[in-house]
Each structure stands twice: as structure tokens, then as C-alpha cells.
1. Tell me yes or no: at least one residue of segment A:81-93 is more than 14 Å from chain B (Cβ to nearest Cβ) and either in contact with a helix residue (DSSP H, G or I) (Cβ under 8 Å, 6 or more places away or on another chain) or closer than 30 Å to B:A160 by Cα (or both).
2. Can we say B:L210 is under 19 Å from the mean Cα position of the chain (by Cα) and assigned by TED's automatic domain parsing to the domain that holds B:V141?
3. Tell me which residues, restricted to segment B:291-318, are surrounded by fewer than 24 Cβ atoms within 10 Å (Cβ to Cβ) and touching a helix residue (DSSP H, G or I) at 6+ places or on another chain (Cβ under 6 Å).
4. Can B:E103 be described as of a type in the set (D, E) and not in a strand (DSSP E or B)?
5. Please work out if A:N272 is in a helix (DSSP H, G or I) and farther than 24 Å from A:K27 by Cβ.
6. List the number of the failed condition for A:Q60; all other conditions in (1) over 23 Å from A:S187 (Cβ atoms); (2) touching a Pro at 6+ places or on another chain (Cβ under 8 Å); (3) at pLDDT below 95 hold.
7. Of the residues in segment B:142-160, how many are within 7 Å of another protein chain (Cβ to nearest Cβ) and assigned to a strand (DSSP E or B)?
8. Looking at segment A:285-311, which of its residues are within 25 Å of the chain's Cα centre (by Cα), hydroxyl-bearing (S, T, Y) and more than 10 Å from chain B (Cβ to nearest Cβ)?
Number of protein chains: 2
Amino acid sequence: MFTIGVDLGGTNIAVGIVNEKYEIVKKASCPTQAERDPVFIVDDIAKLIIGLCQEAGIEQKEIASVGIAAPGSVDPVSGVVKYANNLPFRDFPICSLLKERIECQNIHLENDANAAAWGEAVAGAAKGTAHSVMITLGTGVGGGVVIDHKLYSGFNYAGAELGHMVICEGGRQCTCGRKGCFEAYASATALIQMTKEKMAACEKEGRATLLTKVAAEQGRVSGRTAFMAAKAGDPAAEEVISEYCGYLACGLTNLINIFQPEVLSIGGGISNEGDSLVNRLMDKIVAERYGGSTVKPTEIRIAKLKNDAGIIGGALLK
Amino acid sequence: MFTIGVDLGGTNIAVGIVNEKYEIVKKASCPTQAERDPVFIVDDIAKLIIGLCQEAGIEQKEIASVGIAAPGSVDPVSGVVKYANNLPFRDFPICSLLKERIECQNIHLENDANAAAWGEAVAGAAKGTAHSVMITLGTGVGGGVVIDHKLYSGFNYAGAELGHMVICEGGRQCTCGRKGCFEAYASATALIQMTKEKMAACEKEGRATLLTKVAAEQGRVSGRTAFMAAKAGDPAAEEVISEYCGYLACGLTNLINIFQPEVLSIGGGISNEGDSLVNRLMDKIVAERYGGSTVKPTEIRIAKLKNDAGIIGGALLK
């Protein structure tokens, strides 16, 4: 049997057929065109699914389930996207509309960060564990929590918003309205802001920094700028990374003290820094986690599924 | 059938027989005398249990289970207290030692904050819910998490340390070694410190405040001092309470965004302020919780079991 995962993003809809080894056997995508009537988005999801099955020579009846990973606030039980920031969904019954368009009637829906955490728990960095937490460091900070082999998102499915835990009361403004959220310090957006602030400070002080050169080569300041300049030995960049990693380690230590998961995995663009990122975080985490050396420690790992997390996580939804 | 709960504290050992309606039918206590060999503490727990059964006219074989709520780090599976701050326990096999002294061989062990959260979930403020969180505002800030009708404390049983979530990175020193923990701002100890700081500032500025009068009447500054003076209309006390409640609401909102429990209950000494405390917190929580008015909100309630939380929570352990 096969399952299908749908990664519904603000820019692209990506669909993949996944086999029993959790591998994507075939995938395809199309632009979301988020501004249109959302019914057309469902039409395109159905077309991608039907087309993929034909191309792969798989009959639709061989598809055991379809799982949609969608941004925003979703109700997995009713299959309704209640609200999404980047998509025109308001109480949109995406699952029932998709059922009208494909043969498979076993359709699941989850928030995209939750689906990614589920994918990592079943087939990625936290495979084999009962309790794991994943955070995604991208435009924002997404979170997903797996407890006792099940996704946990609260009694109203709105929980696991791990990015919206304040770590600096009264600090940097977050998009959610609070001040000092983990997301306002640990997202790629926050790192870009810190990098720009450091570049401005250096310019003001007449201090030379590779940050300017790296940003010019990239054509913009990105989440990689400071990491690249720091690797080249730039002290100002090192200060940015050190500040950023201090906040990141603070939030991760909070999550360890709260959940003590077997594995805490880090995904999203910033996670491309790999184990060198994890190494930068460990000193502070080891010094600050509760229980110290008396308890078996949570392992911090880089997420494995990368850009396929939404498809694989979606395909594995139950 | 009956069950027995043991609330093992740094000062007293309290034991109670609990009936099927979750009521304490008889209880007794003795001093812990924490400095002695811990085997004598187990002797006293056994004596209290045997004595209570005799007094209540209940045969020991009518006791279905005994549950011990102990401070510190415990392993509920092996029945071992690994470490406790206020008691001389280091990898102490309390359950097996108690089994040698009483007839009942079904003995459970839990951390005291977890046991209290379990008591509230089954028989208290969160009765009837599947997912609930409890925090205890006392000397420290304790936490307990119930997910899907089960206590959750991580893969190593060291989790749910909700007081050791940093809300002010680099802020007030916490006893755990971190700076800026929720506990360092929301415990009774923190409130006492804030009250003393305000009294010192008022004295320095020559500003009159009822805080001094209330503290003199109490014979000391307590967690109630600022609440009492604020109720009498003292502006300086109102400033203390407003600051304290701001931090408390910040941490509670974090816990809502993370867990979205059906009920978040508040126990411990500070919770004696009752619904007026909850009312002071709600404006900030309602403004800051994720999902706003689009999701069913977590209810904030004062815990119900009060000083019996350890006994009832222990007696209900499974």
C-alpha cells in the first residue's frame, strides 16, 4: 500500500506518494496562487494526486490515506482549516471537498509544523522514540510535540505553538502581538534582523566586518550571512551568532525542562548549519537543563526530512 | 475499597485514607525529621498507615493501593527517589522498603507537584478533562501536566518543571542556576522579594506605604503582605501586585500556547487569593494567548484540593 502527503504552502502545493518504507516514490508540485478562490486549490491538489498515481502506475484504490499538512489553525477531527495567515482559508472544509474529487476517502489534516514533527517522529530524527519535540527555524518558529506516539496539540488543536513562548518579557515585538517570544529571537527572520543591526552598528563605529562583503555577494542579508562570515573568522559575525545561539539555547532548554523529550529535533532553514549549530548550543543547554547529570538527557538532533517533511509527515498521518 | 495517599514533605509526613468518592476518611501526620536515616522515615510512614487502618476499622487488605507524593526527582517505575533537595534521599528505594512493612504491595511513587496535578485532574479543579496543567505557587513554582488522562513527565520522568522555563533571559537568579526562570518571578518567594524591594524603595524615597504596617502586624513580610495592602488601597502595594501578576500571566500564557489544556489550575499558598487573583491575570492572558478568539480558550481555575492535594493525588495514583 501507499499513502499520499500534501504539503500545502503559501507559495507551492507539493504532493508525494510515499511507500511503506517512508520513501517518496514520486512527487509533483504546482504554484498555490494563494489569492484565488480556495476551491481551485483543492481542484489542483486532486489533479496532482490523480496525475501522480497515473504516472507512477498506481491505482487510486492502492492509496490507503491522504494527509494534508496546512499552515495555520486546523481542526484535524472535522478536517477544516479554520484560519491561515498566508492562505484565503476561513473555516474551509478542505477534507470533505477533496473527498468529492478523489477515490481515497481516508483523508487527514494537520498543521504543517505538527505534521513535520510527526514525520520526524515516525521516519526521521526521532524515529523509534515515544516522546519527541521538533522546532522549525524559518520565517517563524514552528513547533510540534509527540507524546506517547501521538501528536499533541491541546484540547482545541491550537497548542504546540512553541515559538510563542516568551523568553524575554517586554523584549522584541513578535508578529503574534506579544513581546519577547522565542520566535522573535530564534527565527531566521530574527537572525537576519540581528545581522542587519550588527552591520549598522559596525558601519556607525567604522568597524570593518565581513558581514557586509558576504551580504553583498549573496545580494541580500539572509539567515546564512552571519554563519558564513563567522566561519571566515569575522568577530562581528561571531557576536551575532553567539547572541542568536544564546537565545536559541534558552528556548530549547525551556522545552527540555518542560517536556524532557527523548529527542528534540531542529528543522527549517537555519538547521542547514547542521551539527556545528548543535555544538554551539550544547554548552549552555548542558549547564542549564534541569536535573543536570542525574537524569538521562534529551538528545538535540538536526531534523532529517528537510523539504520533504510536510509530504512525509502528511503521508504518515493517521 | 480504599486507597492511601502519603504526602512526604520536608517538615511533615501526612497520610490519609481515601474512599471511592475521592474523600479523605481519616488522616494523620508526624514530623519528618528530615535529618535522620531515611529508613526511619519509611518506618513512620508504615506506622501511620497501620495506625490509620486500625482507627478507621479498615483491614489492610481493603487497601487497594498506596501512593507516595515525594519532593524531588523520582522514578515512578522503579519506585526510587533519586534525589530530593530537602530530604536525605539519594537513589532511595522507598517503595520496596515500604512493601516490607505493610500488607499492601501495590505501591506507587510520584513527584509531589505531579501528584497534586493528578489529584486536581481526577478529583479537583480539572475533573472531567483529558488534558490539564497545574502550577503550584509556593516556595518555588511546581508544575504537573496531564495529557490524555495520564501524567506526563518526559522520557526520564524529570519533565514538567514548568517553573524552570526562562521568561526573562538574563533576569533574576533562580535556585536552579538559570537566570530569569518563571519561578524567580512567580513563586511566593519572588513575591516576598518584590515586596521587600518596594518597601526599601519607599523608605529611601520617603514615600508612605501600608506595606510596612501590614508587615509589622504580620511580624514578617509574607506572600500575603502586598495583596493585603493592595486591598486596603495602598498604591505601592498595587504596583507590587501588578508587577507580580504581569510575570505570572506571562508564564501562564506561555503554558497555554504550549499545551492549550482544557484547564490550567493554580495551587499553592498564593492561590489562596482566589478568583480575585485569576481576575487580575485574565486581561493579559486574553490579549496574549495564541489563537485569540478563534479557538476555545483554556480555563484558568484555582486548585481545589488545597493542603490535601498530596494525599488525594497520591491516593489516586495508578
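1. Narrowing segment A:81-93 to residues more than 14 Å from chain B (Cβ to nearest Cβ): A:86-88, A:93.
When the remaining residues are screened for being either in contact with a helix residue (DSSP H, G or I) (Cβ under 8 Å, 6 or more places away or on another chain) or closer than 30 Å to B:A160 by Cα (or both), the result is A:87-88.
For segment A:81-93, residues more than 14 Å from chain B (Cβ to nearest Cβ) and either in contact with a helix residue (DSSP H, G or I) (Cβ under 8 Å, 6 or more places away or on another chain) or closer than 30 Å to B:A160 by Cα (or both): present.
2. Working: under 19 Å from the mean Cα position of the chain (by Cα): no; assigned by TED's automatic domain parsing to the domain that holds B:V141: yes.
Against the criterion (under 19 Å from the mean Cα position of the chain (by Cα) and assigned by TED's automatic domain parsing to the domain that holds B:V141), B:L210 does not qualify.
3. Scanning segment B:291-318 gives B:I300, B:I302, B:A303, B:L305, B:L316.
4. Details: of a type in the set (D, E): yes; not in a strand (DSSP E or B): yes.
Spelling it out, B:E103 is indeed of a type in the set (D, E) and not in a strand (DSSP E or B).
5. Numbers: in a helix (DSSP H, G or I): yes; farther than 24 Å from A:K27 by Cβ: no.
No; evaluated as a whole, the condition is false for this residue.
6. Among (1) over 23 Å from A:S187 (Cβ atoms); (2) touching a Pro at 6+ places or on another chain (Cβ under 8 Å); (3) at pLDDT below 95, A:Q60 violates only (2).
7. Residues that pass the stated criteria total 2.
8. Residues satisfying the conditions do not exist here.
The values are calculated or read from the model by the stated rules, or taken from the named source; none is laboratory data. Keep in mind it's a predicted model, so treat the numbers as computed, not measured. Glycine gets a Cβ as well: all are built from the backbone with ideal geometry, and neighbour counts include every protein chain shown.
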